[in-house]
Amino acid sequence: MFEREFLDEDPFIIAEVGQNHQGDLDIAREYIRIFAFEGADAVKFQTRNNKYLFSREAYEAPYESENAFAETYGAHRERLELKPEWLPILKQDCEKYGVKFMSTPFDEPSLELLGEVGVDILKVASFDLGNLPLIHRIGKTGKPVVMSIGGGKIDQIRSSIEVLRSHHDDVAILHCVSEYPCEYNRLGLDNIPVLKTEFPGCAIGLSDHFNGTLSGPVAYLKGARVFEKHVTLNRAWKGTDHSFALEPEGFRKFVRDIKRVRHMMAPKPEVELGSERVFKKLGKSLVAYVDVKAGDEITLDSLSGRIFNVGYIPVREANRIVGCVAKRDIAKGEPIDYSDIEGKRA
């Protein structure tokens, strides 16, 4: 899926829902429908078995936050999880709308569950970079893997990639800054070409917590080809990730602008230069600035430019005319044609 031959040009863009569905199946399904329409290639969720993932003390700890959905952290997390029986429904919706079903397993039971459902792509969160036992089990599934490297050091990244690639090469590495939100001057996009050099066998991309869209096109120019962007249906909703996520219109522009970048690079064919409509309508043609006699040399002092209903020699071709000799008398203000001169015209 992430073979470099494919990704040398085409971006692969992931709409990261995370827990922004608020633990509501209908809302989760809306994310798939809407963000598939807005151009996502994959819609990503997160999967946790909280009682396995958290110790009893952490699970039962009081949780006091303006974004809390319950009084303890475990109960808060449970309110935001997708029920296991919902996952096949979301998988079917992804198939219906033509996007990949993707999720982050935060623990082994969640990985097993996603395997049973038939997830298309697995994500290694930055939190599990260097968690070689879990990464090993994720790699063993044979599924394509996207790995974020927020907060990771190069030896941790290398060891994680080595474990994944001991199973297969369908791996994408996403540059990531683990700040929520990430300010524009903290994005560190110059790390993308470093990753391309360090891991030439992997697709490189960006996992983005910036609350705008410019990071996508800039990252593409740096070599990113896989993009993960947090999305929301309403930035004002309760929850930590909504405020920096993109609403549908913002995501549409994010996708559009990334996909436009490569088409902005190719120079215009030389044969088309000067034939643009505006020049045909308003382009100046060379005229005699003074009376020119047959046998006179054409100099810069001999020439000026005027606009006609039909085109003669464009003023931009003056370099081909200066130094030529007039074959006939040309009156002041009269347009000059190539048939009126001889010489030069290289």
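No value in this document is a laboratory result; all are computed from the given coordinates. All values reported here derive from a predicted model rather than from experimental measurement. For neighbour counting, all protein chains shown are included, and Cβ atoms are generated from backbone atoms with ideal geometry for every residue, glycine included.
Some observations on this one:
- Loop-located GluC sites (Glu not before Pro) in the stretch 220-280 (DSSP state not H, G, I, E or B) with no more than 14 neighbouring Cβ atoms inside 10 Å: 276.
- Full-extension gain in nm, residue 240 to residue 322, via 0.36 nm per residue minus C-alpha separation: 22.6 nm
- Per-residue extension of 0.36 nm, minus the Cα-Cα distance of residue 281 and residue 247, leaves a gain of 8.0 nm for this segment.
- Summarising the amide proton neighbourhood of residue 341: residues at separation of 5 or more, or on other chains, whose placed amide H is nearer than 5 Å comprise 327.
- Cβ crowding within 10 Å ranks 237, 86 as 237, 86, fewest other Cβ atoms first.
- Taking a straight Cα-Cα cut-off under 17 Å and skipping sequence neighbours fewer than 8 places away in the same chain, the aspartates and glutamates within cross-link reach of residue 96 are 26, 30, 38, 41, 120.
- Subtracting the Cα-Cα distance of residue 271 and residue 159 from 0.36 nm times their residue separation leaves 35.1 nm of extension gain.
- Rg/Rg_ref, the stretch 270-342, where Rg_ref = 2.2 N^0.38 Å and atoms are Cα: 1.08
- Averaging Cα coordinates gives a centre for the stretch 95-118 and one for the stretch 122-142; these two points are 14 Å apart.
- Charge dipole (the chain, unit charges on Cβ, about Cα centre) - positive-most of 254, 62, 285: 285
- Treating r as the C-beta distance of residue 338 and residue 221 and R0 as 41 Å, the FRET efficiency rounds to 0.40.
- The C-alpha atoms of the chain define a longest principal axis, and helix 25-37 lies at about 20 degrees to it.
- Total lysine pairs in the stretch 179-293 at Cα distances under 23 Å, for residues eight or more apart or on different chains: 14.
- For the chain, the share of DSSP beta bridges that are antiparallel, to the nearest 5, is 25%.
- Amide proton proximity set for residue 305, modelled H, under 5 Å, gap of 5+: 287
- Cα-based helix-to-principal-axis angle, 87-97 vs the chain, degrees rounded to 10: 20
- A simple rule links phi to the HN-Hα coupling: the Karplus curve 6.51 cos²θ - 1.76 cosθ + 1.60 with θ = phi - 60°, which for the stretch 43-49 gives 10, 10, 10, 10, 10, 9, 10 Hz, with x for Gly and Pro.
- GNM result for the chain, Cα springs below 10 Å: residue of 70, 224, 266 fluctuating most strongly: 266
- Inter-probe distance in nm under a simple model that places probes 7 Å from Cα toward Cβ, at residue 72 and residue 89: 2.7
- For residue 203, residues with placed amide H under 5 Å, excluding near neighbours: 171, 173
- Average projection area in nm² (convex hull over Cα atoms of the stretch 7-124, one quarter of hull surface): 8.1
- Among the GluC sites (Glu not before Pro) found in the stretch 127-201, those both in a DSSP coil and sparsely packed, with 12 or fewer other Cβ atoms within 10 Å of their Cβ, are 183.
- Table column - 3J(HN,Hα) (Hz), the stretch 272-282, Karplus curve with 6.51, -1.76, 1.60, x for Gly and Pro: 8, 5, x, 9, 4, 4, 4, 6, 5, 8, 10
- Residue list for the stretch 73-112, given a label point 7 angstrom along the Cα-to-Cβ vector of residue 168 and an amide N cut-off under 17 Å: 100-105, 111-112
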